[in-house]
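Only one structure is covered here, and it is reproduced in the block below.
The values are calculated or read from the model by the stated rules, or taken from the named source; none is laboratory data. Treat the numbers as computed from the prediction; the structure is a model and nothing was measured. Cβ sites come from the backbone with ideal geometry, for glycine too, and all protein chains shown count toward neighbours. When the accessible area is computed, the model is the full protein with side chains, heavy atoms only, and any ligands, DNA or RNA have been set aside. Shrake-Rupley method; radii C 1.70, N 1.55, O 1.52, S 1.80 Å.
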Amino acid sequence: MSGGWQSIRELIEAFLKERFDTKAEKLATDDPKYQTLVEQFQRENWLQDAARRVSQLQVVTHSLKPIHPDAKGSNLYAPPESLDKHQGVGSHVLPSDFDGDVVGNAAALDVYKFLKLEYDGKSLLERVLEEDTELARALSDNAEQSQAWMKAFAAITEPRGEHASHTRAKQVYWLTGEDAADDDDFHLLAPLYATSLAHQVFQTINRDRFSDEAKEARKAKREGKLGEQEVHDYPNIASQKMGGTKPQNISQLNSERGGNNYLLASLPPRWNVRDIRPPLKVESVLDDPGIFGWRKEVRVLVGDLKRFLETNPNTDMHTRDLRDDYTAMILDELALFTMQMHGLPPGWSADENCRLVIEEAFWLDPGRAQDDSEFRDARNSTDWPDEIRRRFANWLNKALGGKLPLGDVEFRHWHKELARDASQQRLFDSDRRWMEALMDDLASLDDWQEGEGNE
(Lines give C-alpha, C1' and ligand atoms only; values in the text may rest on other atoms or scores of the structure.)
Protein backbone atom coordinates (compact mmCIF):
# COMPACT_ATOMS: atom_id res chain seq x y z
CA MET A 1 0.00 0.00 0.00
CA SER A 2 1.60 3.25 -1.14
CA GLY A 3 2.12 5.56 1.81
CA GLY A 4 0.90 2.90 4.25
CA TRP A 5 4.07 3.07 6.30
CA GLN A 6 3.51 6.79 6.88
CA SER A 7 0.01 6.16 8.25
CA ILE A 8 1.36 3.42 10.54
CA ARG A 9 4.08 5.77 11.79
CA GLU A 10 1.43 8.42 12.52
CA LEU A 11 -0.55 5.80 14.44
CA ILE A 12 2.53 4.90 16.52
CA GLU A 13 3.37 8.53 17.23
CA ALA A 14 -0.24 9.27 18.26
CA PHE A 15 -0.05 6.35 20.70
CA LEU A 16 3.20 7.67 22.18
CA LYS A 17 1.87 11.22 22.45
CA GLU A 18 -1.22 10.02 24.32
CA ARG A 19 0.92 8.12 26.82
CA PHE A 20 3.34 11.05 27.17
CA ASP A 21 0.48 13.49 27.81
CA THR A 22 -0.91 11.26 30.53
CA LYS A 23 2.43 10.95 32.35
CA ALA A 24 3.46 14.60 31.90
CA GLU A 25 0.07 16.05 32.76
CA LYS A 26 1.10 17.31 36.22
CA LEU A 27 4.69 18.29 35.37
CA ALA A 28 5.93 21.76 34.51
CA THR A 29 7.80 22.10 31.25
CA ASP A 30 10.93 23.25 33.10
CA ASP A 31 10.84 20.24 35.42
CA PRO A 32 13.82 17.90 34.77
CA LYS A 33 11.38 14.94 34.90
CA TYR A 34 9.44 16.53 32.03
CA GLN A 35 12.54 16.66 29.87
CA THR A 36 13.31 13.04 30.76
CA LEU A 37 9.85 12.03 29.58
CA VAL A 38 10.31 13.97 26.35
CA GLU A 39 13.44 11.93 25.63
CA GLN A 40 11.82 8.67 26.73
CA PHE A 41 8.84 9.07 24.38
CA GLN A 42 10.80 9.93 21.29
CA ARG A 43 9.71 7.27 18.81
CA GLU A 44 13.10 5.59 18.32
CA ASN A 45 13.96 5.77 22.03
CA TRP A 46 10.65 4.29 23.14
CA LEU A 47 10.76 1.52 20.51
CA GLN A 48 14.29 0.59 21.54
CA ASP A 49 13.18 0.29 25.16
CA ALA A 50 10.00 -1.58 24.17
CA ALA A 51 12.02 -4.10 22.14
CA ARG A 52 14.09 -4.75 25.25
CA ARG A 53 11.11 -5.03 27.63
CA VAL A 54 9.01 -7.22 25.32
CA SER A 55 11.07 -10.20 26.50
CA GLN A 56 9.25 -9.85 29.84
CA LEU A 57 5.92 -10.66 28.15
CA GLN A 58 4.40 -13.60 26.30
CA VAL A 59 1.24 -13.63 24.21
CA VAL A 60 -0.67 -16.82 24.98
CA THR A 61 -3.94 -18.60 24.35
CA HIS A 62 -3.42 -21.10 27.17
CA SER A 63 -1.97 -19.86 30.46
CA LEU A 64 -0.72 -21.42 33.67
CA LYS A 65 -1.26 -18.76 36.33
CA PRO A 66 -5.06 -19.29 36.53
CA ILE A 67 -4.22 -22.84 37.64
CA HIS A 68 -2.06 -21.40 40.45
CA PRO A 69 -0.88 -17.77 40.67
CA ASP A 70 2.60 -18.80 41.85
CA ALA A 71 3.19 -21.42 39.14
CA LYS A 72 6.28 -20.67 37.00
CA GLY A 73 5.93 -23.19 34.14
CA SER A 74 5.26 -22.78 30.43
CA ASN A 75 2.38 -20.99 28.75
CA LEU A 76 1.37 -21.70 25.15
CA TYR A 77 0.30 -19.69 22.13
CA ALA A 78 -1.88 -22.01 20.03
CA PRO A 79 -4.11 -20.07 17.61
CA PRO A 80 -7.33 -21.78 16.43
CA GLU A 81 -5.94 -22.71 13.01
CA SER A 82 -3.16 -24.72 14.66
CA LEU A 83 -5.56 -26.96 16.61
CA ASP A 84 -7.32 -30.15 15.58
CA LYS A 85 -11.00 -29.73 14.74
CA HIS A 86 -13.59 -31.77 16.63
CA GLN A 87 -17.24 -31.49 17.65
CA GLY A 88 -16.58 -30.35 21.22
CA VAL A 89 -16.34 -26.71 22.22
CA GLY A 90 -12.73 -25.66 22.50
CA SER A 91 -10.20 -23.03 21.46
CA HIS A 92 -10.37 -24.35 17.89
CA VAL A 93 -13.82 -22.70 17.49
CA LEU A 94 -12.49 -19.19 18.22
CA PRO A 95 -12.92 -16.64 15.38
CA SER A 96 -9.92 -15.37 13.45
CA ASP A 97 -10.04 -12.07 15.34
CA PHE A 98 -9.85 -13.74 18.75
CA ASP A 99 -8.22 -11.97 21.69
CA GLY A 100 -4.81 -13.31 22.63
CA ASP A 101 -3.85 -12.93 26.26
CA VAL A 102 -0.54 -11.72 27.63
CA VAL A 103 1.32 -12.87 30.72
CA GLY A 104 4.48 -11.65 32.37
CA ASN A 105 5.63 -8.43 34.00
CA ALA A 106 2.58 -6.18 34.40
CA ALA A 107 4.85 -3.14 34.20
CA ALA A 108 5.59 -4.00 30.56
CA LEU A 109 1.96 -4.29 29.43
CA ASP A 110 2.22 -0.96 27.60
CA VAL A 111 4.33 -2.83 25.01
CA TYR A 112 1.44 -5.22 24.39
CA LYS A 113 -1.00 -2.31 24.10
CA PHE A 114 1.32 -0.92 21.46
CA LEU A 115 1.29 -4.22 19.55
CA LYS A 116 -2.52 -4.32 19.70
CA LEU A 117 -2.79 -1.05 17.75
CA GLU A 118 -4.68 -1.69 14.53
CA TYR A 119 -4.16 -0.29 11.07
CA ASP A 120 -6.28 -1.27 8.10
CA GLY A 121 -7.94 -4.15 10.00
CA LYS A 122 -4.73 -5.74 11.28
CA SER A 123 -2.95 -5.34 14.59
CA LEU A 124 0.73 -4.42 14.67
CA LEU A 125 1.39 -7.85 16.20
CA GLU A 126 -0.22 -9.56 13.22
CA ARG A 127 1.92 -7.43 10.93
CA VAL A 128 5.04 -8.28 12.94
CA LEU A 129 4.32 -12.01 12.62
CA GLU A 130 3.71 -11.57 8.88
CA GLU A 131 6.99 -9.61 8.57
CA ASP A 132 5.05 -6.74 7.05
CA THR A 133 7.40 -4.42 5.12
CA GLU A 134 5.20 -1.36 5.65
CA LEU A 135 5.41 -1.78 9.42
CA ALA A 136 9.19 -2.32 9.26
CA ARG A 137 9.58 0.93 7.33
CA ALA A 138 7.31 2.75 9.80
CA LEU A 139 9.32 1.67 12.83
CA SER A 140 12.64 3.16 11.69
CA ASP A 141 14.35 4.70 8.71
CA ASN A 142 17.23 2.35 9.48
CA ALA A 143 16.27 -0.96 7.87
CA GLU A 144 18.68 -3.01 10.01
CA GLN A 145 17.33 -1.43 13.19
CA SER A 146 13.68 -1.98 12.23
CA GLN A 147 14.32 -5.65 11.41
CA ALA A 148 15.91 -6.16 14.83
CA TRP A 149 12.87 -4.64 16.51
CA MET A 150 10.48 -6.71 14.38
CA LYS A 151 12.32 -9.88 15.44
CA ALA A 152 12.18 -8.86 19.11
CA PHE A 153 8.46 -8.08 18.99
CA ALA A 154 7.67 -11.34 17.13
CA ALA A 155 9.22 -13.32 20.00
CA ILE A 156 6.32 -12.30 22.24
CA THR A 157 4.40 -15.38 21.05
CA GLU A 158 7.25 -17.78 21.79
CA PRO A 159 7.57 -19.65 25.14
CA ARG A 160 10.54 -18.78 27.30
CA GLY A 161 12.93 -21.73 27.33
CA GLU A 162 11.87 -25.35 26.98
CA HIS A 163 8.38 -26.49 27.91
CA ALA A 164 8.18 -27.19 31.62
CA SER A 165 5.61 -27.67 34.35
CA HIS A 166 5.93 -26.59 37.98
CA THR A 167 5.36 -28.02 41.45
CA ARG A 168 2.37 -25.68 41.90
CA ALA A 169 0.79 -26.65 38.59
CA LYS A 170 -1.69 -29.50 38.17
CA GLN A 171 -0.59 -32.72 36.52
CA VAL A 172 -2.66 -35.71 35.41
CA TYR A 173 -1.53 -39.21 34.47
CA TRP A 174 -3.52 -40.17 31.36
CA LEU A 175 -3.78 -43.80 30.27
CA THR A 176 -2.85 -44.05 26.58
CA GLY A 177 -2.07 -47.76 26.39
CA GLU A 178 -3.83 -50.94 27.45
CA ASP A 179 -2.11 -51.81 30.73
CA ALA A 180 -2.88 -49.56 33.70
CA ALA A 181 -0.13 -51.32 35.67
CA ASP A 182 2.54 -50.33 33.13
CA ASP A 183 4.04 -46.86 33.64
CA ASP A 184 4.97 -46.66 29.96
CA ASP A 185 1.27 -46.76 29.03
CA PHE A 186 0.67 -43.34 30.62
CA HIS A 187 1.28 -39.79 29.48
CA LEU A 188 1.73 -37.04 32.04
CA LEU A 189 -0.53 -34.11 31.14
CA ALA A 190 -0.18 -30.56 32.49
CA PRO A 191 -3.55 -28.79 32.04
CA LEU A 192 -3.52 -25.10 31.11
CA TYR A 193 -6.30 -22.52 31.26
CA ALA A 194 -7.84 -21.73 27.86
CA THR A 195 -7.72 -18.00 28.52
CA SER A 196 -8.67 -16.78 25.03
CA LEU A 197 -11.68 -19.10 24.98
CA ALA A 198 -12.66 -18.03 28.50
CA HIS A 199 -12.55 -14.39 27.40
CA GLN A 200 -14.76 -15.10 24.39
CA VAL A 201 -17.25 -16.90 26.65
CA PHE A 202 -17.18 -13.99 29.12
CA GLN A 203 -17.89 -11.45 26.39
CA THR A 204 -20.69 -13.57 24.91
CA ILE A 205 -22.41 -14.09 28.25
CA ASN A 206 -22.11 -10.42 29.18
CA ARG A 207 -23.60 -9.44 25.84
CA ASP A 208 -26.47 -11.89 26.33
CA ARG A 209 -27.10 -10.61 29.87
CA PHE A 210 -26.41 -6.89 29.86
CA SER A 211 -26.53 -5.48 26.33
CA ASP A 212 -29.34 -3.12 25.37
CA GLU A 213 -30.53 -5.65 22.78
CA ALA A 214 -30.71 -8.39 25.41
CA LYS A 215 -32.66 -6.13 27.79
CA GLU A 216 -35.15 -5.29 25.04
CA ALA A 217 -35.54 -8.99 24.20
CA ARG A 218 -36.26 -9.89 27.83
CA LYS A 219 -38.74 -7.04 28.09
CA ALA A 220 -40.56 -8.28 24.97
CA LYS A 221 -40.67 -11.79 26.44
CA ARG A 222 -42.14 -10.53 29.72
CA GLU A 223 -44.81 -8.58 27.83
CA GLY A 224 -45.60 -11.48 25.51
CA LYS A 225 -44.46 -9.61 22.41
CA LEU A 226 -42.46 -10.79 19.43
CA GLY A 227 -38.86 -9.66 19.24
CA GLU A 228 -36.07 -9.97 16.69
CA GLN A 229 -33.45 -10.71 19.35
CA GLU A 230 -33.23 -14.17 20.91
CA VAL A 231 -33.29 -14.47 24.69
CA HIS A 232 -30.35 -16.37 26.16
CA ASP A 233 -30.43 -17.48 29.78
CA TYR A 234 -27.63 -18.96 31.90
CA PRO A 235 -29.21 -20.47 35.03
CA ASN A 236 -27.07 -21.03 38.14
CA ILE A 237 -24.08 -19.25 36.62
CA ALA A 238 -21.12 -18.56 38.92
CA SER A 239 -18.09 -16.28 38.71
CA GLN A 240 -14.59 -17.25 39.82
CA LYS A 241 -12.36 -14.34 40.87
CA MET A 242 -8.70 -14.62 39.91
CA GLY A 243 -5.91 -12.38 41.11
CA GLY A 244 -7.69 -10.75 44.05
CA THR A 245 -7.08 -6.99 44.09
CA LYS A 246 -4.45 -7.33 41.36
CA PRO A 247 -6.05 -9.28 38.49
CA GLN A 248 -3.34 -7.96 36.14
CA ASN A 249 -0.89 -10.28 37.90
CA ILE A 250 -2.74 -13.22 36.33
CA SER A 251 -2.97 -11.86 32.78
CA GLN A 252 -4.05 -8.90 30.68
CA LEU A 253 -7.42 -10.37 29.70
CA ASN A 254 -8.09 -11.33 33.30
CA SER A 255 -7.45 -7.70 34.21
CA GLU A 256 -9.87 -6.52 31.52
CA ARG A 257 -12.52 -8.79 33.07
CA GLY A 258 -11.83 -7.40 36.54
CA GLY A 259 -10.70 -10.88 37.54
CA ASN A 260 -14.11 -12.40 36.76
CA ASN A 261 -14.29 -15.76 35.00
CA TYR A 262 -17.68 -17.31 34.41
CA LEU A 263 -18.46 -20.91 35.37
CA LEU A 264 -21.47 -22.54 33.74
CA ALA A 265 -23.57 -24.79 35.92
CA SER A 266 -22.61 -28.47 35.78
CA LEU A 267 -25.13 -30.08 38.08
CA PRO A 268 -26.93 -33.43 38.26
CA PRO A 269 -30.59 -33.30 37.25
CA ARG A 270 -33.16 -32.49 39.89
CA TRP A 271 -36.20 -34.73 39.73
CA ASN A 272 -39.32 -32.72 39.05
CA VAL A 273 -41.90 -34.08 41.48
CA ARG A 274 -44.50 -31.33 41.18
CA ASP A 275 -46.87 -33.63 39.26
CA ILE A 276 -45.99 -36.77 41.22
CA ARG A 277 -48.62 -37.79 43.74
CA PRO A 278 -48.60 -40.55 46.33
CA PRO A 279 -50.27 -43.73 45.04
CA LEU A 280 -53.22 -43.66 47.44
CA LYS A 281 -56.40 -45.77 47.32
CA VAL A 282 -54.68 -48.55 45.32
CA GLU A 283 -53.35 -51.87 46.56
CA SER A 284 -50.45 -52.01 44.11
CA VAL A 285 -48.65 -49.78 41.61
CA LEU A 286 -47.91 -52.96 39.64
CA ASP A 287 -51.49 -53.98 38.90
CA ASP A 288 -52.57 -54.52 35.30
CA PRO A 289 -52.06 -51.90 33.92
CA GLY A 290 -51.61 -50.12 37.26
CA ILE A 291 -50.07 -46.73 38.03
CA PHE A 292 -46.65 -47.76 36.74
CA GLY A 293 -47.89 -49.56 33.66
CA TRP A 294 -50.13 -46.65 32.68
CA ARG A 295 -47.21 -44.24 32.29
CA LYS A 296 -46.84 -43.20 28.65
CA GLU A 297 -43.21 -44.25 28.27
CA VAL A 298 -43.88 -47.64 29.83
CA ARG A 299 -46.92 -48.28 27.62
CA VAL A 300 -44.88 -47.46 24.50
CA LEU A 301 -42.00 -49.75 25.48
CA VAL A 302 -44.23 -52.66 26.50
CA GLY A 303 -46.28 -52.25 23.31
CA ASP A 304 -43.16 -52.30 21.13
CA LEU A 305 -41.77 -55.35 22.90
CA LYS A 306 -45.09 -57.17 22.64
CA ARG A 307 -45.38 -56.48 18.90
CA PHE A 308 -41.83 -57.72 18.39
CA LEU A 309 -42.46 -60.96 20.28
CA GLU A 310 -45.75 -61.55 18.42
CA THR A 311 -43.75 -61.83 15.18
CA ASN A 312 -42.35 -65.14 16.50
CA PRO A 313 -38.71 -64.05 15.97
CA ASN A 314 -35.95 -66.62 15.60
CA THR A 315 -34.28 -67.75 18.79
CA ASP A 316 -30.91 -66.17 18.05
CA MET A 317 -28.51 -63.60 19.47
CA HIS A 318 -30.24 -60.71 17.68
CA THR A 319 -33.58 -61.62 19.25
CA ARG A 320 -32.09 -61.96 22.71
CA ASP A 321 -30.21 -58.67 22.41
CA LEU A 322 -33.26 -56.75 21.23
CA ARG A 323 -35.45 -58.29 23.91
CA ASP A 324 -32.86 -57.44 26.56
CA ASP A 325 -32.64 -53.85 25.28
CA TYR A 326 -36.38 -53.43 25.70
CA THR A 327 -36.20 -55.01 29.14
CA ALA A 328 -33.41 -52.63 30.18
CA MET A 329 -35.42 -49.61 29.05
CA ILE A 330 -38.47 -50.80 31.00
CA LEU A 331 -36.27 -51.26 34.06
CA ASP A 332 -34.92 -47.74 33.55
CA GLU A 333 -38.50 -46.48 33.71
CA LEU A 334 -39.03 -48.47 36.89
CA ALA A 335 -35.90 -46.86 38.37
CA LEU A 336 -37.17 -43.40 37.41
CA PHE A 337 -40.58 -44.14 38.93
CA THR A 338 -38.87 -45.30 42.14
CA MET A 339 -36.78 -42.14 42.39
CA GLN A 340 -39.83 -39.96 41.85
CA MET A 341 -41.68 -41.77 44.63
CA HIS A 342 -38.64 -41.34 46.88
CA GLY A 343 -38.82 -37.60 46.17
CA LEU A 344 -42.19 -37.34 47.94
CA PRO A 345 -42.27 -36.23 51.59
CA PRO A 346 -41.23 -39.22 53.74
CA GLY A 347 -44.08 -40.96 55.55
CA TRP A 348 -46.74 -40.55 52.89
CA SER A 349 -47.51 -44.29 53.06
CA ALA A 350 -48.79 -43.79 56.64
CA ASP A 351 -51.78 -41.85 55.24
CA GLU A 352 -55.11 -43.48 56.09
CA ASN A 353 -55.94 -43.57 52.38
CA CYS A 354 -52.81 -45.58 51.52
CA ARG A 355 -53.83 -49.17 50.74
CA LEU A 356 -50.55 -50.42 49.26
CA VAL A 357 -49.41 -53.88 50.18
CA ILE A 358 -46.73 -53.41 52.82
CA GLU A 359 -43.88 -54.61 50.59
CA GLU A 360 -44.59 -51.82 48.10
CA ALA A 361 -44.71 -49.31 50.94
CA PHE A 362 -41.28 -50.57 52.03
CA TRP A 363 -40.08 -50.11 48.45
CA LEU A 364 -41.52 -46.70 47.61
CA ASP A 365 -41.41 -44.88 50.97
CA PRO A 366 -38.03 -45.72 52.56
CA GLY A 367 -37.84 -42.34 54.29
CA ARG A 368 -40.69 -43.33 56.61
CA ALA A 369 -38.31 -45.72 58.37
CA GLN A 370 -36.38 -42.80 59.85
CA ASP A 371 -39.20 -41.75 62.18
CA ASP A 372 -41.43 -44.83 62.29
CA SER A 373 -39.63 -47.50 64.31
CA GLU A 374 -42.36 -50.13 63.81
CA PHE A 375 -42.20 -49.59 60.05
CA ARG A 376 -38.39 -49.71 60.16
CA ASP A 377 -38.28 -52.97 62.11
CA ALA A 378 -40.78 -54.61 59.78
CA ARG A 379 -38.89 -53.39 56.72
CA ASN A 380 -35.57 -54.70 58.02
CA SER A 381 -37.01 -58.11 58.87
CA THR A 382 -38.83 -58.70 55.58
CA ASP A 383 -37.49 -59.88 52.23
CA TRP A 384 -39.55 -57.22 50.48
CA PRO A 385 -37.19 -56.84 47.45
CA ASP A 386 -37.93 -60.44 46.45
CA GLU A 387 -41.66 -59.75 46.64
CA ILE A 388 -41.25 -56.65 44.46
CA ARG A 389 -39.33 -58.66 41.87
CA ARG A 390 -42.07 -61.26 41.87
CA ARG A 391 -44.74 -58.62 41.44
CA PHE A 392 -42.80 -56.97 38.61
CA ALA A 393 -42.39 -60.29 36.80
CA ASN A 394 -46.11 -61.00 37.14
CA TRP A 395 -47.01 -57.53 35.90
CA LEU A 396 -44.79 -57.79 32.81
CA ASN A 397 -46.03 -61.28 32.06
CA LYS A 398 -49.61 -60.01 32.06
CA ALA A 399 -48.70 -56.91 30.04
CA LEU A 400 -47.09 -59.13 27.38
CA GLY A 401 -49.75 -61.87 27.65
CA GLY A 402 -52.71 -62.17 25.37
CA LYS A 403 -51.77 -64.49 22.55
CA LEU A 404 -48.22 -65.00 23.82
CA PRO A 405 -47.50 -68.36 25.48
CA LEU A 406 -45.72 -66.95 28.53
CA GLY A 407 -45.23 -69.07 31.60
CA ASP A 408 -42.84 -69.93 34.42
CA VAL A 409 -39.65 -69.76 32.36
CA GLU A 410 -40.45 -66.24 31.12
CA PHE A 411 -41.44 -65.28 34.66
CA ARG A 412 -38.02 -66.40 35.91
CA HIS A 413 -36.31 -64.36 33.18
CA TRP A 414 -38.02 -61.08 34.13
CA HIS A 415 -37.48 -61.87 37.80
CA LYS A 416 -33.77 -62.45 37.13
CA GLU A 417 -33.39 -59.29 35.03
CA LEU A 418 -34.92 -57.12 37.73
CA ALA A 419 -32.65 -58.62 40.36
CA ARG A 420 -29.58 -57.91 38.20
CA ASP A 421 -30.69 -54.39 37.32
CA ALA A 422 -31.67 -53.52 40.87
CA SER A 423 -28.26 -54.53 42.15
CA GLN A 424 -26.54 -52.31 39.58
CA GLN A 425 -28.78 -49.23 39.87
CA ARG A 426 -29.55 -49.31 43.61
CA LEU A 427 -33.18 -49.42 42.58
CA PHE A 428 -34.74 -50.06 45.95
CA ASP A 429 -32.51 -48.67 48.64
CA SER A 430 -29.16 -47.05 49.29
CA ASP A 431 -28.50 -49.50 52.12
CA ARG A 432 -25.62 -51.81 51.15
CA ARG A 433 -27.08 -54.89 52.81
CA TRP A 434 -30.09 -54.82 50.49
CA MET A 435 -27.77 -54.61 47.50
CA GLU A 436 -25.74 -57.58 48.70
CA ALA A 437 -28.93 -59.61 49.04
CA LEU A 438 -29.98 -58.66 45.51
CA MET A 439 -26.61 -59.67 44.11
CA ASP A 440 -27.04 -63.22 45.39
CA ASP A 441 -30.58 -63.68 44.10
CA LEU A 442 -31.44 -66.05 41.25
CA ALA A 443 -27.87 -66.35 39.99
CA SER A 444 -28.42 -69.88 38.71
CA LEU A 445 -31.63 -69.39 36.72
CA ASP A 446 -31.47 -70.07 32.98
CA ASP A 447 -32.42 -67.58 30.31
CA TRP A 448 -36.11 -67.91 29.36
CA GLN A 449 -35.35 -68.86 25.75
CA GLU A 450 -32.79 -71.44 26.80
CA GLY A 451 -34.94 -73.10 29.48
CA GLU A 452 -37.29 -75.99 29.53
CA GLY A 453 -39.99 -74.39 27.41
CA ASN A 454 -43.26 -72.65 28.12
CA GLU A 455 -45.80 -74.00 30.50
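Residues to consider are ALA28, ALA24; find the one that is among the small types (Gly, Ala, Ser), open to solvent by less than 20 Å² (accessible area, probe 1.4 Å) and over 24 Å from VAL102 (Cβ atoms).
ALA24
Name every residue in the stretch 134-161 that is of a type in the set (A, V, I, L, M, F, W, C) and either farther than 17 Å from LEU57 by Cα or out of contact with any strand residue (DSSP E or B) (no Cβ under 6 Å at 6 or more places or on another chain) (or both), in order of residue number.
Once the filter is applied, which keeps residues that are of a type in the set (A, V, I, L, M, F, W, C) and either farther than 17 Å from LEU57 by Cα or out of contact with any strand residue (DSSP E or B) (no Cβ under 6 Å at 6 or more places or on another chain) (or both), the stretch 134-161 yields LEU135, ALA136, ALA138, LEU139, ALA143, ALA148, TRP149, MET150, ALA152, PHE153, ALA154, ALA155.
Look through the stretch 397-424, keep the residues that are of a type in the set (A, V, I, L, M) and either in contact with a Lys or Arg (Cβ under 7 Å, 6 or more places away or on another chain) or at pLDDT below 85 (or both), and return whichever of them is farthest from VAL298 (Cα to Cα).
Step one: list which residues in the stretch 397-424 are of a type in the set (A, V, I, L, M), which gives 399-400, 404, 406, 409, 418-419, 422.
Next, from what is left, pick out any that are either in contact with a Lys or Arg (Cβ under 7 Å, 6 or more places away or on another chain) or at pLDDT below 85 (or both): 400, 404, 406, 409, 418-419, 422.
On the way: LEU400: 12, LEU404: 19, LEU406: 19, VAL409: 23, LEU418: 15, ALA419: 19, ALA422: 17 Å.
Ranking the qualifying residues of the stretch 397-424, first place goes to VAL409.
In the stretch 124-143, is there at least one residue being touching a Leu at 6+ places or on another chain (Cβ under 6 Å) and charged (D, E, K, R)?
yes
List every residue pair whose Cβ atoms lie under 6 Å apart, where the two residues are 6 or more positions apart in sequence or sit on different chains, the first residue falls within the stretch 12-33 and is without any contact (Cβ under 8 Å) to a residue 24 or more places away in the chain, and the second residue, located anywhere, is open to solvent by less than 60 Å² (accessible area, probe 1.4 Å) and not in a helix (DSSP H, G or I).
PHE20/PHE41; LYS33/LEU27
Conditions (1) at pLDDT below 90; (2) in contact with a Gly (Cβ under 8 Å, 6 or more places away or on another chain); (3) hydrophobic (A, V, I, L, M, F, W, C), marked per residue:
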| position | (1), (2), (3) |
| --- | --- |
| VAL285 | no, no, yes |
| GLY290 | yes, no, no |
| LYS306 | yes, yes, no |
| LEU309 | yes, no, yes |
| PRO313 | yes, no, no |
| ASP316 | yes, no, no |
| TYR326 | yes, no, no |
| ILE330 | yes, no, yes |
| LEU336 | yes, no, yes |
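Quick one: how many residues across the stretch 283-322 are of a type outside the set (S, T, N, Q), closer than 30 Å to PHE362 by Cα and surrounded by 15 or more Cβ atoms within 10 Å (Cβ to Cβ)?
Matching residues across the stretch 283-322 total 13.
Going through the stretch 75-129 one residue at a time, which ones are loosely packed, with under 15 Cβ neighbours inside 10 Å, over 26 Å from the mean Cα position of the chain (by Cα) and among the small types (Gly, Ala, Ser)?
ALA107, GLY121
Would you call ARG355 of a type in the set (D, E, K, R), part of a helix (DSSP H, G or I) and modelled with pLDDT of 85 or more?
Working: of a type in the set (D, E, K, R): yes; part of a helix (DSSP H, G or I): no; modelled with pLDDT of 85 or more: yes.
When the stated conditions are applied, ARG355 does not pass them.
Please indicate, with yes or no, whether at least one residue in the stretch 254-264 is surrounded by 13 or more Cβ atoms within 10 Å (Cβ to Cβ) and among the aliphatic types (A, V, I, L, M).
No, because not a single residue in the stretch 254-264 is surrounded by 13 or more Cβ atoms within 10 Å (Cβ to Cβ) and among the aliphatic types (A, V, I, L, M).
At least 2 residues that are open to solvent by 40 Å² or more (accessible area, probe 1.4 Å) and closer than 18 Å to ASP101 by Cα in each: list the helices (runs of 4 or more DSSP H) lying fully within the stretch 130-248 that qualify.
195-210
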